[in-house]
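Following: one structure in structure tokens, then a few remarks.
Please treat every number below as a calculation from the coordinates, not as lab data. This structure is a prediction, so every number in the text was calculated from the model and none was measured. Neighbour counts run over all protein chains shown; Cβ positions are idealised from the backbone, glycine included.
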Amino acid sequence: NAGVTQTPKFQVLKTGQSMTLQCAQDMNHEYMSWYRQDPGMGLRLIHYSVGAGITDQGEVPNGYNVSRSTTEDFPLRLLSAAPSQTSVYFCASRGGPNEKLFFGSGTQLSVL
Amino acid sequence: AQSVTQLGSHVSVSEGALVLLRCNYSSSVPPYLFWYVQYPNQGLQLLLKYTSAATLVKGINGFEAEFKKSETSFHLTKPSAHMSDAAEYFCAVSGRGGGFKTIFGAGTRLFVKA
């Protein structure tokens, strides 16, 4: 049982480049989400999904796209990276809203 | 819309002293509430959660939190701090009035002095 698998662990981009952060879970969770963690700002919700084919914006969605074609996968796309997107990104999944989140190991992204 | 406020970005206590980390929420109905801890260079792990079964919730490592609807609070306490408690603590809310999403507070970094 792998839990939440998130790749890559580290990434350096140049301004304007695009990339996709991958996230997969094997717990059959309907809810999946992406957060960014910045010093002093906690974890801020970027996008979330409550099931295959259903996505919604979180607190800081600008500059990011997501899709949910299967229950297992929830990739996060940066279409044109900006220095303001330098952050640590976490994917997380859970069952119901009263259940804990399971987190991926995080991606440290630097945009130069 | 739901929101979470953690008072104090940094809290410093002496070893053996009481730990009190504050969390207030805003929601149209009492939400589900969580405390997570993040040790340096690690991911987040659940300390405890409130799901309406009991207002006083006990978690791991001697921590507990009390849900107070009248004060819209869910403060985290530990009677006696240990050096190993030094970490960042996050309060989070989800469900019941805010939809399915989980929202985190800005976090409180706990320092423990010898």
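Figures for the structure shown
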{"quantity": "Shape of the range B:1-107, Cα gyration tensor, a/c cut at 1.5", "calculated": "prolate"}
{"quantity": "Per-pair calculated FRET efficiency, R0 = 35 Å: A:Glu30 and B:His82 via Cβ, rounded to 0.05", "calculated": "0.40"}
{"quantity": "Neighbouring partner chain Cβ atoms per residue of B:1-12, average, 10 Å criterion", "calculated": "1"}
{"quantity": "Per-residue mean of C-beta atoms belonging to partner chains within 10 Å, peptide A:37-45", "calculated": "6"}
{"quantity": "Within chain B: Cβ-based charge dipole about Cα centre, in debye rounded to nearest 20 (Lys, Arg +1; Asp, Glu -1)", "calculated": "240"}
{"quantity": "The range B:2-48 versus the range A:60-97: alpha-carbon centroid distance in Å", "calculated": "24"}
{"quantity": "Computed magnitude of the charge dipole of chain A (debye, nearest 20; Cβ of K, R +1, Cβ of D, E -1)", "calculated": "320"}
{"quantity": "Cα-based reach from B:Lys101 at 21 Å (exclusive), listing lysines while leaving out same-chain residues under 8 positions away", "calculated": "A:Lys100, B:Lys49, B:Lys69"}
{"quantity": "Pairs of alpha carbons in the protein assembly as shown whose separation is greater than 24 Å (percent)", "calculated": "44"}
{"quantity": "Hypothetical label at B:Lys68: residues of the range B:18-37 whose amide nitrogen lies under 20 Å (7 Å Cα-Cβ projection)", "calculated": "B:18-36"}
{"quantity": "Cα-Cα separations in chain A greater than 19 Å, expressed as whole percent", "calculated": "39"}
{"quantity": "Within the range A:24-40: backbone nitrogen closer than 13 Å to the A:Asp73 label point (7 Å, Cα to C-beta)", "calculated": "A:24-25"}
{"quantity": "Of B:Gly8, B:Tyr39, B:Thr72, farthest towards positive along the dipole that unit charges on Lys, Arg, Asp, Glu beta carbons give chain B", "calculated": "B:Thr72"}
{"quantity": "Inter-probe distance in nm under a simple model that places probes 7 Å from Cα toward Cβ, at B:Val29 and B:Asn41", "calculated": "4.5"}
{"quantity": "Where labels lie 7 Å past Cα in the beta-carbon direction, separation of A:Gln108 and A:Met19 in nm", "calculated": "1.3"}
